[in-house]
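Worksheet: the structure to be examined is printed underneath.
What follows draws every value from the coordinates through simple rules; no lab data is involved. Since the model is a prediction, treat every value here as computed from it, not as a measurement. Virtual Cβ from ideal backbone geometry, glycine too; neighbours counted across all protein chains shown.
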Amino acid sequence: MRYDNITPAVFVRRPNRFIAEVSVDGSPETVHVKNTGRCKELLIPGCEVFLTAPDSPGRKTRYDLVAVRKSNGLLINIDSQAPNKVAAEWLTSQGYDKVCPEYRYGDSRIDFYMEKGSERYLMEVKGCTLEVDGVGYFPDAPTERGVRHIHELIRAREEGYHAMLAFVIQMDGVEEVRPNIETHPEFGDAMSEAGKAGVEVVFIRCHVEPSSLEYTC
């Protein structure tokens, strides 16, 4: 996926989870943050960030903040809408006969339903923006919704679906994602249960530029 009108800026502060204050060529600007997660290890005063200007009618802010340069030099896409778009692109290369987004299953809406011949698949997508020593971790904040989705995948597996939990890794050089049990131990427990039930964990590795996020495998 690609962005238009990318503008570099310097992060100043984040008053709440929806907006940030940045400096664009020395001028203050309030921007929308396209990620409601904490991102506390990324959005540090003085760091380099990248903005896009969607030019949508009725917006309160001109820019969306979509990427940040971490202190170790790693460029990370933090757009929470990007993982599903990348996953949709990736799925087109996987030989499925049918791909349907936003599929209602049980009490949840699972990100993708697929078919290949007579086989049925469900795939839930999570974006990974947290990196520690070259390893990705999820989540960066407790996610009861994420735990519920994993339990739905386990039930789907029991009912004969192929069930997949896919992590879109929104940075270069990270090969795997592990459960962040320090932040949310229940998510780690759910992932362990899912593995025993036969739910497949998929890592969609990506290359990041300020203006794009593209899968590499």
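Taking θ as phi - 60° and the Karplus parameters 6.51, -1.76 and 1.60, the scalar couplings of the stretch 71-84 work out to 4, 8, x, 6, 8, 10, 7, 10, 6, 6, 8, 5, x, 5 Hz in sequence order, x denoting glycine and proline. Compute the whole-percent fraction of alpha carbon pairs in the stretch 82-215 spaced more than 19 Å apart. Of all Cα-Cα pairs in the stretch 82-215, 48 percent lie more than 19 Å apart. By the beta-carbon count within 10 Å of each Cβ, the least crowded to most crowded order of 200, 102, fewest first, is 102, 200.
Each helix, a run of at least 4 DSSP H residues, gives -39500 (n - 2.57); summed and divided by the residues of the chain, these come to -5500 deg cm²/dmol at 222 nm.
Which whole-angstrom value gives the distance between the alpha carbon centres of the stretch 130-207 and the stretch 74-112? Cα centroid to Cα centroid, the span is 14 Å. Beta bridges from DSSP with both residues in the chain: antiparallel share about 70 percent, rounded to the nearest 5. A straight chain from residue 30 to residue 178 at 0.36 nm per residue would run longer than the Cα-Cα distance by 49.9 nm. Ordering 121, 154, 103 by Cα displacement along the dipole of the chain toward the positive end leaves 103 in first place; charges were set at the Cβ atoms of Lys, Arg (+1) and Asp, Glu (-1). Taking other residues whose beta carbon is less than 13 angstrom from the beta carbon of residue 212, and scoring Lys, Arg as +1 and Asp, Glu as -1, yields -4. In order along the stretch 167-179, phi translates into HN-Hα couplings of 9, 8, 8, 8, 6, 8, x, 9, 9, 8, 10, 10, x Hz, rounded to whole numbers, per the Karplus curve 6.51 cos²θ - 1.76 cosθ + 1.60 with θ = phi - 60° and x for Gly and Pro. Please work out the FRET efficiency for the pair residue 158 and residue 40, using the Cβ-Cβ distance as r and a Förster radius of 45 Å; give the result to the nearest 0.05. Taking R0 as 45 Å, the efficiency between residue 158 and residue 40 is 0.75. Relative to the longest principal axis of the Cα atoms of the chain, the long axis of helix 185-197 lies at roughly 40 degrees.
The charge dipole of the chain, taken about the Cα centre with unit charges on the Cβ atoms of Lys, Arg (+1) and Asp, Glu (-1), comes to about 520 debye, rounded to the nearest 20. In sequence order, the stretch 95-103 has phi-based couplings of x, 6, 7, 8, 9, 10, x, 6, 9 Hz under the Karplus curve 6.51 cos²θ - 1.76 cosθ + 1.60, θ = phi - 60°, and Gly or Pro positions carry x. How much net charge surrounds residue 105 when only the other residues with a Cβ under 9 Å from the Cβ of residue 105 are counted, with Lys and Arg +1 and Asp and Glu -1? Once all neighbours under 9 Å are counted, the net charge is +1.
When each of 66, 208 is scored by the number of other beta-carbon atoms lying within 10 Å, the sequence from fewest to most is 208, 66. Taking other Cβ atoms within 10 Å as a rough exposure proxy, 61, 129, 52 sort from fewest to most as 61, 52, 129. Quick one: go through the stretch 158-187 and flag any residue whose amide nitrogen is under 20 Å from the point 7 Å out along the Cα-to-Cβ line of residue 100. Zone members listed by number: 158-166. Taking 25 Å as the cut-off for C-alpha to C-alpha distance, list the pairs among 40/196; 34/98; 70/196; 34/85; 34/116; 98/126 that go past it. Exceeds cut-off: 40/196; 34/98; 70/196; 34/116.
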